[in-house]
Amino acid sequence: MTVIVEIRPKEGILDPQGRAVRNALQTLGYNRIEEVEVGKLIRLELQTDDPAEAKRIAEEAAEKLLYNSNVEQYRILLPGETL
């Protein structure tokens, strides 16, 4: 089963990479783009067909390694769920 871990900056945390991308896009003439947020998508291929087990494994991996709880938040997307 494929599981996606979406990692984003926490609310209120500065996103200098997002700001740099926004500024570059505006320089290229995309003036209607007001905000850009840069995060990460991590795709995990798991050897299970059980959604509950897949979510548990993905959450453990996120908590132990994939995200920085000080400045980031994450959510788990199971098959059929969208961003």
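The values are calculated or read from the model by the stated rules, or taken from the named source; none is laboratory data. In this text, all values refer to a predicted model and were calculated from it rather than measured experimentally. All Cβ positions, even for glycine, are placed from backbone atoms using ideal geometry, and neighbour counts span all protein chains on display.
Here is the figure for segment 32-52: residues that are touching a Leu at 6+ places or on another chain (Cβ under 9 Å) and more than 18 Å from residue 62 (Cα to Cα) total 2.
Each row is one residue, and each column tells you yes or no for (1) without any contact (Cβ under 8 Å) to a residue 24 or more places away in the chain; (2) under 14 Å from the mean Cα position of the chain (by Cα); (3) surrounded by 11 or more Cβ atoms within 10 Å (Cβ to Cβ); (4) outside any helix (DSSP H, G or I).
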{"residue": "8", "(1), (2), (3), (4)": "no, yes, yes, yes"}
{"residue": "42", "(1), (2), (3), (4)": "no, yes, yes, yes"}
{"residue": "58", "(1), (2), (3), (4)": "no, yes, yes, no"}
{"residue": "80", "(1), (2), (3), (4)": "yes, no, no, yes"}
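If I ask for residues that are free of Cβ contacts under 8 Å to residues at least 24 places away in the same chain and part of a loop (DSSP other than H, G, I, E, B), which ones from segment 13-37 would you list? Residues satisfying the conditions are 14, 15, 28, 29, 30, 31, 32, 33, 34, 35, 36.
Here residue 35 clears all of (1) surrounded by 11 or more Cβ atoms within 10 Å (Cβ to Cβ); (2) touching a Gly at 6+ places or on another chain (Cβ under 8 Å) except the condition numbered (1). Of note, residue 25 does not satisfy the criterion of being loosely packed, with under 15 Cβ neighbours inside 10 Å, closer than 13 Å to residue 2 by Cα and modelled with pLDDT of 95 or more.
How about segment 65-78: which of its residues are exposed (fewer than 14 other Cβ atoms within 10 Å of the Cβ) and either outside any loop (DSSP other than H, G, I, E, B) or modelled with pLDDT under 95 (or both)? Show your work before the answer.
Of segment 65-78, the ones exposed (fewer than 14 other Cβ atoms within 10 Å of the Cβ) are 65, 68-71.
Residue satisfying the conditions is 65 alone.
Going by the structure shown, is residue 47 out of contact with any Pro (no Cβ under 8 Å at 6 or more places or on another chain), at pLDDT 95 or above and surrounded by 12 or more Cβ atoms within 10 Å (Cβ to Cβ)? Judged against the criteria, residue 47 is not a match.
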